[in-house]
Amino acid sequence: MNTVAGDLETILSSGIRLAAPLAFAACGEYVAERAGTLNVSVEAMMLGAAFCSIAVAGLTGSATAGLLVGVLLGALVGSAHGALSHRWHVNSFVVGLLLNALVLGLTSYLATVGNPSRHQVELVSVPGLRDLPVLGAPLFVERWPVYLLLALVPLAWWLVERSRWGLELRAAGENPEAAHMTGIRVNLRRRQALLWCGALAGLGGAYLAVGEVGSFNQNMTAGRGYLVIAAVIFGGWRLGRTLAGCAVFGLADALRLALPALGHTVNSQLLISAPYLLALLAMLLFTTRQRRPGALAQPFRRTP
Amino acid sequence: VSNDETATPASTAAPGGSTGTLLPGEPDVNGDGKVIIGVLSPGDINDNGYYQSFVVKAEAFAQAQGWTVIKRGSVPVSEALTAARALCQQKADMVAIGASELKDAIPASEEGVCAKTAWYVPSSANVPQTPRIMLSSDDPNQSMLVAGYAAGLLMQARNTTKAGFVTGPEADFTKIASTAFLAGIRELVPGATLVTTYTGDFDDSGKAREATQAQLSQGVGAIYPYLGGATDAATALANSAKAVTLTPGTDRCASTSPAFDVSVLFDPGDYFAAALQLYAAGKLEMGITKTWQLGVDPYPTVKLCKGTPEQNAKLSAFIADIGGGKIDPVAEVRKLGS
Amino acid sequence: MAPEPAVRLRGITKRYGAVVACDGVDLTLERGEIHGLLGENGAGKSTLMRILLGLETQDSGAIDRDGRAVTIAGPREAAALGISMVHQHFSLVDPLTVWENVALGRSGPVRRAAERAGVRAAAQRYGLAIDPDARVGTLSAGERQRVELLKCLRRDPTVLIMDEPTSVLTRSESAELFTVLRRVVAAEHRAVVLISHKLAEITTATDRVTVMRAGRVVLRRATTATTEAELAREMVGREVTLGAAVGVLPHATAPASPAASAQTALRLRGLTARPGLDDLCLTVHAGEIVGLYGAEGNGQKSLGDVLSGLTVPDAGTVEVAGASVDLRRPGALSAAGLGIVPEDRHHAGVVLDLSVAENLVMTRLGDVSGRVFIDRRRLRRRARALADEYGITAASLDSPLRDLSGGNQQRVVLARELSGRPRVLVAAQPSRGLDVGAVEDLYARLRRCASDGIAVLLISTELEEILALTTRIATIFRGRIVGELPTAQADGERLALLTGGVA
Amino acid sequence: MTRAGPWVSAAIVTAALVLPGLLIAVTGGSPSAALRALIQGSLGDATAVSQTLLYAAPLLLVAVGACCSARSGVFNIGQEGQVLIGALAGAAAGLRLAVPGPALLLVVLLAAALAAGAWAWLSALMNRLRGVDIAVSTLLMTFLAQQVVAFAVTTPWLLQESRLGEAAALPQSNKLPSGALLGSLGDHPGLQLNLGLAVGVVVAMLVAVALDRTRWGFRLTVAGLNPAAARHAGIPVAAVGGIALAVSGALAGMAGAVLLASPLSTNRLQPDISIDIGWDGLLVALVARNRPLLTIPVAGLFAVLRAGGNFLAATGVPPYLVDVVKALLTLAFVAPAVMRRRSVVA
Ligand SMILES: Nc1ncnc2c1ncn2[C@@H]1O[C@H](COP(=O)(O)OP(=O)(O)OP(=O)(O)O)[C@@H](O)[C@H]1O
Ligand SMILES: Nc1ncnc2c1ncn2[C@@H]1O[C@H](COP(=O)(O)OP(=O)(O)OP(=O)(O)O)[C@@H](O)[C@H]1O
Ligand SMILES: [Mg+2]
Ligand SMILES: [Mg+2]
């Protein structure tokens, strides 16, 4: 077992498991940012969904039901954010920070009320492929929601780049005045994008709970939402690179957690901050400005 | 030039506790006709472990006595002082601190608002004694050394020499715990090695599981999840690989999902319950330190959940040796821990 | 029975607080006509059209479409009714491609190939050559105008509204546009509304004309039955010195040509900035007005940016009164004695949220403050003096500049730039968007500057303006000066040749 | 403002006020008692008022700084990290420099301001060099700051507490010498007026004057409102923005030093010493619509919520619910204020 290939396999599979929740949420945050919202409530969406998924799995006995309700809860947080910031024009950063505090408080409180049991969705492995050397186990033995990424990533890309909804969404994110003049309901598109973002971030949070861990504990997302924002920036507002960013963050964490077992010691503070350092470095090295949505984080109101 | 004289002054605790003061009117110290126990904890008081047990034991005892318990978890270290003051303002008769991380609350005991309160503070010898608080202390070297010994017994039986220690931040007390744990294993398995992984967060289940997974992949046969909220998630994974598992502080031998092989009991709730018993009887003195001795007092202790009689006997003997002073845990750790 | 008009607006009224933008306006648009809509800045033209497009809701009044009363909730509904508009500002999304921008106004799934083909076909049909895959942000103003028009036409509207479409176009580009519009009207029987400040355009391109003043219709006439002079008078509500109002009488007055002293006030040497300027050299002497003429998008904007201190050129120098200016130092140009009325005053000329007074002293803060503190009293006194001198009308000098009309905003910029007693004044497209009255005033001031010995560089795409004001004309093409000649020797044909880059 | 505006804000405020009460009622508490506790704990007596004023000081400093940067068109959301860096530098200066008595306090405040200002200015530098978005880089650097402080207090040769015999050293620094601490102003029975608040109020007034009355403030405002016009007017926009960001960071850092040196903390550097003051201070500035003088009452309001919330937790309301209540009440304050005008974040 203690071969280089074996070690690599360990780190790879661990990295993918750590990256998956980020990847789901990043597919959502990417869409929200293209529509012009720098959404900081991803953390709330993920944490709320993680809690709900375990709670519902406990009630129904079905981890899948939990996963679905998690998605719904994420979408609910997204629509709350959307209504507050793109209907009633409360500053979006404020809404995000407050939602994060609110959901952290509520889930921490509710977690003290019940005593939920452990629930986990099934592990699915792809016959044949799972036996590939090195890559087999990391890529083809996963909890089933991970395979959803295969459909969701192209879907997110298609929605943004190819559909009319996405075209209008991009226009809303780049130049809301022009979009409005053309008859596009800018704030509606932004709310819809947040809804999608919430659903996917919810999926990410729910996957963390009923997929990987099997239980909920206080603040179990521990800042993953902020990491997702970093990933979108790391990716320079391109979906592919955003997902690459998630993979890098996941692998960096996996490496950090596996290194002691492999007999190495590295400063833990340095490694914990690695994803943030990487995102900053990426921004310094690649000029990502060009792809930044022109109206990112700028509210739009019809009457100036 | 350094201002190091500002380091915490050395403890001036008098041994034996004969210099303690008894508060008038115990348990209703403030004489308002009600007994209110205020509990502050730095951690998640629903972690199924260390922090929770402190609160649970206090609540159970207080309920039986008809007292009120106000509990507050996840108190940031830097807000300890304010939180303690607020408890005094609520007319608490006793302020109990869940763990020594919150020792910064102690200065409140000297303030006017807290003039009529009893104080209970657990300590790992890093809290200075003052006349207004009762300290309860144990030596983590003892319980961790014995935890390692117990793990060593089971590792011997399974013929494994590799153990793992998964914990949160890389801090002095986690380092000390891991060193003593290794020393304990080496009492029985001289060539044993210990992998220690710091996830950075006692409560991040996802990362704790990955750290555990990495250790399991390296063939580790015993895992000590020295964690908070993430304990169960990591233990569940270790169960699936049939590794030996230990509890961080409480007795969870009855638990099946996840399951533990060793209960390491340095449960602050047990120490606290003992103090509350004295308190109810009006005999709890301030200004003294109660030091809990493994092998002498009922706690701390270590027990095997499914140990063979032979294993149980060996463990009991080891504990008795420490209690009887035949074995000096600190010396053992120094000898075997590195 | 006569066919119902395409659109009939009845008694439209729209108030913004105290301002009555439209006051009981009636307007009828017939199929097969180009309808001119004229009026001073702030007369309510755009507001009226925005109501027709559903971007604003009228306070009272009704809209009939082909004889049926309709309510229009937004551009989508308007498009469904066959009403479409080319806007005065903002309606293209720069990072998107041409075909994406065109597709943006439509509905249904996005079929990329079909959209591209559609853009190409429409471009062919209306003679609006454009690459469907170009990013709009990289296009010149003329090209962008084409995209706007294509976007509009692709919706196949029966009523087409054009709000000041020619303000950024050269004369030949405008002429092309009118040919297209004429074709659209004659062959396809659509109705077109054309809003413009250029009287000459209105008289040549439209069939009927409506003049608005302060929210009310003051004149309604067949174009052939009116004159430019009458239109100008109705717009402003008084006689206009026609000589100054270019577009009314193009070659009316020869410029007051002072004997240009030999003293060189401004010398541009080998200015190169990517993209835009390519080794541009030009000199302007004290007391003369030099016109820089050329089609939009040939580097005028880059030159304006360099002379505003917004960009540092890759190579070349700017000398003011013989001394080379360090262009990397912010404010160096202003300190050296160069004032500029920038092309886009909202972008670089003024701060809309600051008060009128603050805008007036912005570049010369030292005059109204000590080493640290600003002296409010001195600031207000100075602003008052400038406002009086330049005839700036504002409710209060402390109200935000945003509240001022375009003409008054332009006066603020001019007053500020001239308050520093510059040796050189650069005016980039200074009359753009201004009404006849404001233009009249502007020209008089530019002439006064020249006679006071200031060197004036007039960057413009308006041939009439150049011919009327300047003593010398330089033509710019692809960032270079391609020809220079005294205005007296210039005529449209020669200049057209030069600006085509043939010289 | 749409016709629905007043209704919507009324609805948000009502929801934000009613929801906490409902939650408390559902968990068996009494909403009116909770409200009483909230007020009692923040304004009820001299001790409570002292506590509120203690919280107000760092909130005020952070918020005034946020006003500076927002006015210059730079959006800084990394105050939480800047507070930490300030506390770190303050602790290092206080523990390592041999400066006598009260001068040490000055050194601590200055060191904190300088270090945090430089830390924030790094974001401006990254923006200048590579166009890195400032809001984003300041956010990311908050997480770096957390690790930097964690590293400092767990590393013996840096700031970790000196060890007591065999016992574990906690992740914190030694206690600051008394000369570095912020004392009380005057002698009032029960009431504690900490010097920190005086620092905060004076800074707020200075900044208000600087922004509205000086050439520097004018240039900064112009740069924020219209960078192109500013450049044309000879204002070095990037430099002005960088300075504003540095000032914002410096004030946040000073807030860190105030946390460190006032009775709010135990006068030791600890990883969580910032207790969300950075985030809350940012909210204060947003609610006060970036007007430095307005931040004074708004910071007071937030301090009331904090002190009252602490007290509420001590009455037996589950502490997590207190966080929920605080978030909802903040929303109630933020919603109508922000709605009245276009949001300040551009
Ligand atoms: N009269 C009204 N009654 C109720 N709600 C209203 C009213 N007017 C406006 N609103 C609400 O206020 C919101 C803000 O209006 P605003 O014009 O800024 O956004 P919008 O562009 O209309 O949003 P969308 O893009 O969804 O159309 C609207 O979305 C609407 O929900
Ligand atoms: N959204 C608005 N809020 C307040 N006032 C407005 C608004 N839109 C227009 N106005 C005012 O209504 C009047 C008419 O403006 P409008 O834009 O229709 O003029 P215009 O004839 O198009 O002028 P221009 O020739 O400068 O384009 C002006 O006084 C303007 O200030
Ligand atoms: Mg009592
Ligand atoms: Mg108009």
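Observations, loosely collected:
- Of residues in segment B:84-108 being outside any helix (DSSP H, G or I) and either within 9 Å of chain D (Cβ to nearest Cβ) or within 16 Å of ligand 4 (Cβ to nearest atom) (or both), the one surrounded by the fewest Cβ atoms within 10 Å (Cβ to Cβ): B:90
- If you go through segment B:198-225 and keep only what is of a type outside the set (A, V, I, L, M, F, W, C), more than 7 Å from chain A (Cβ to nearest Cβ) and in contact with a Leu (Cβ under 8 Å, 6 or more places away or on another chain), you end up with B:212, B:224, B:225.
- Only a single criterion out of (1) within 20 Å of residue C:406 (Cβ to Cβ); (2) out of contact with any Cys (no Cβ under 9 Å at 6 or more places or on another chain); (3) at pLDDT below 90 is not satisfied by residue C:44, namely (2).
- In segment B:247-265, the residues that are touching a Phe, Trp or Tyr at 6+ places or on another chain (Cβ under 7 Å) and closer than 19 Å to residue B:292 by Cβ: B:247, B:248, B:249, B:250, B:265
- Failed condition for residue A:233, given (1) modelled with pLDDT under 85; (2) part of a helix (DSSP H, G or I); (3) within 20 Å of residue B:209 (Cα to Cα): (3)
- The residue that is nearest to residue D:308 (Cα to Cα), counting only those in segment D:28-68 that are buried (at least 17 other Cβ atoms within 10 Å of the Cβ) and of a type in the set (Ser, Thr, Tyr), is D:42.
- Test: residue in segment C:393-409 that is surrounded by fewer than 21 Cβ atoms within 10 Å (Cβ to Cβ) and β-branched (Val, Ile, Thr): yes
- Test for residue A:166: is it within 12 Å of another protein chain (Cβ to nearest Cβ) and more than 29 Å from residue C:74 (Cα to Cα): no
- One residue stands out among those in segment C:51-89 that are touching a residue at least 24 places away in the same chain (Cβ under 8 Å) and within 10 Å of ligand 2 (Cβ to nearest atom): the one that is farthest from the other protein chains (Cβ to nearest Cβ), which is C:51.
- Test: residue in segment D:75-93 that is within 14 Å of chain B (Cβ to nearest Cβ), surrounded by fewer than 22 Cβ atoms within 10 Å (Cβ to Cβ), on the phi < 0 side of the Ramachandran plot and assigned to a helix (DSSP H, G or I): yes
- Every condition in (1) outside any helix (DSSP H, G or I); (2) at the interface with chain A (Cβ under 9 Å from one of its Cβ atoms); (3) surrounded by fewer than 24 Cβ atoms within 10 Å (Cβ to Cβ) holds for residue B:228 except the one numbered (3).
- Candidates A:257, A:284, A:296: the one that is in a helix (DSSP H, G or I), more than 9 Å from chain B (Cβ to nearest Cβ) and either in contact with a helix residue (DSSP H, G or I) (Cβ under 9 Å, 6 or more places away or on another chain) or at pLDDT below 80 (or both) is A:284.
- Going through (1) crowded, with 24+ Cβ neighbours inside 10 Å; (2) within 16 Å of the chain's Cα centre (by Cα); (3) within 14 Å of chain C (Cβ to nearest Cβ) one by one, residue A:233 falls short only on (3).
- Taken over segment C:343-371, the criterion of being modelled with pLDDT of 85 or more and facing chain D (nearest Cβ under 7 Å) is satisfied by C:350, C:351, C:353, C:354, C:362.
- Among the residues of segment D:219-260, those that are away from chain C (no Cβ under 13 Å) and in contact with a Pro (Cβ under 8 Å, 6 or more places away or on another chain) comprise D:255, D:256, D:258, D:259.
- Within segment A:215-228, the set of residues being crowded, with 24+ Cβ neighbours inside 10 Å and either modelled with pLDDT of 90 or more or not aliphatic (A, V, I, L, M) (or both) comprises A:215, A:216, A:217, A:218, A:221, A:224, A:225, A:228.
- Yes/no for residue B:184 being more than 11 Å from every other protein chain (Cβ to nearest Cβ), in a helix (DSSP H, G or I), in contact with a Lys or Arg (Cβ under 6 Å, 6 or more places away or on another chain) and not hydroxyl-bearing (Ser, Thr, Tyr): no
- So residue A:78, is it surrounded by 19 or more Cβ atoms within 10 Å (Cβ to Cβ), under 27 Å from residue A:36 (Cβ atoms), away from chain D (no Cβ under 14 Å) and under 17 Å from the mean Cα position of the chain (by Cα): yes
- Within segment C:310-323, at least one residue is surrounded by fewer than 24 Cβ atoms within 10 Å (Cβ to Cβ) and touching a Pro at 6+ places or on another chain (Cβ under 9 Å).
- Those residues of segment C:276-307 which are outside any strand (DSSP E or B) and more than 25 Å from the chain's Cα centre (by Cα), in sequence order: C:286, C:287
- Segment C:29-50 residues that are in contact (Cβ under 8 Å) with a residue 60 or more places away in the chain and assigned by TED's automatic domain parsing to the domain that holds residue C:11, paired with ones that are within 16 Å of ligand 3 (Cβ to nearest atom) and of a type in the set (D, E, K, R) (beta carbon under 8 Å, 6 or more apart): none
- Answer residue from segment C:5-50, given it is closer than 16 Å to residue C:83 by Cβ and of a type in the set (Asp, Glu) and is nearest to ligand 4 (Cβ to nearest atom) among those: C:33
- Annotation note: of A:113, A:160, the sole residue that is surrounded by fewer than 16 Cβ atoms within 10 Å (Cβ to Cβ) and of a type outside the set (S, T, N, Q) is A:113.
- Among the residues listed as C:219, C:150, the single one being modelled with pLDDT of 80 or more and in contact with an Asp or Glu (Cβ under 7 Å, 6 or more places away or on another chain): C:219
The values are calculated or read from the model by the stated rules, or taken from the named source; none is laboratory data. All values reported here derive from a predicted model rather than from experimental measurement. Backbone-built Cβ (ideal geometry, glycine too); neighbour counts: all protein chains shown.
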